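Computed from the coordinates by the stated procedures, all read-outs in this text should not be read as laboratory data. Remember, it's a predicted structure, so these values are computed and weren't measured experimentally. Here the Cβ is made from the backbone with ideal geometry for all residues, glycine too, and neighbour counts use every protein chain on show.
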Amino acid sequence: MFIAQEDADGLRTLNDALRIWPDGRVEPLGYPKYDINYRSGTRIPESATITAQAADGSPLVVEVECLGHVALSAGCGYGPDPQWTHGVWRGRDWIETATYDLTNQSDPGIMIATQYSILDHVGKATLDGKVGYGLFEHSCAGRHTPSGFANGGSMAP
C-alpha cells in the first residue's frame with residue numbers, strides 16, 4: 001500500500017508505504033519515489049513506477065499500468081458536482097440517472113472532473129514478474145513542479 005501527498009514543490013506531507021503479507025505481517029517500505037507518466041495534453045496518468053526499499057534494503061520496484069478510470073467528480077458524490085453530493089436527502093424512493101461525456105474537454109465541468117479532481121484507476125501492478133490488480137487513485141491540481149506542471153493550467157507535453 002502506497003499513499004503520498006505532496007505540495008506544489010514536491011514536499012511530501014503524507015507518506016505511507018507498507019507491504020502487508022498474507023500472514024498479517026506488515027513491512028515498512030520507506031520513502032518511495034514516484035514517477036508518473038501522464039497522457040499527453042492531460043493530467044491523467046497512463047502508468048507509474050514506484051521505487052521503494054524492502055526491509056532488507058533491497059530495491060522494490062512496482063510498475064503500475066492504468067487500465068481505465070472513474071472520474072469521482074462526475075456523478076459519484078465527490079468534488080464540485082452540485083447534483084451528486086454526499087449525504088443530500090432527495091426524498092423517499094428518489095432515483096435519478098445522469099450521463100457524462102468525459103471526452104468533452106470543452107465542458108468546464110468535465111474538465112474539472114477529469115483533469116483536476118480525483119480519478120480512481122483500475123491498476124495492473126507488476127513486482128518481480130508477479131501481477132496483481134487494485135486501485136490506483138490519483139489527483140494533481142494546481143502547480144506541481146516535480147511533475148512539470150508550472151501552474152494550474154499546465155498539462156503533460
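Summary of values
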| item | result |
| --- | --- |
| DSSP loop chymotrypsin sites (Phe, Trp or Tyr not before Pro) with at most 13 other Cβ within 10 Å: longest gap in the chain | 1-88 |
| Residues V88, V70, sorted so that the one with the fewest Cβ neighbours within 10 Å comes first | V88, V70 |
| Computed Rg/Rh of the chain, alpha carbon atoms with Kirkwood Rh | 1.02 |
| Inter-part distance where the range 95-109 and the range 124-157 are each reduced to a Cα centre, Å | 23 Å |
| Residues R12, R92 arranged by fewest to most Cβ contacts within 10 Å | R92, R12 |
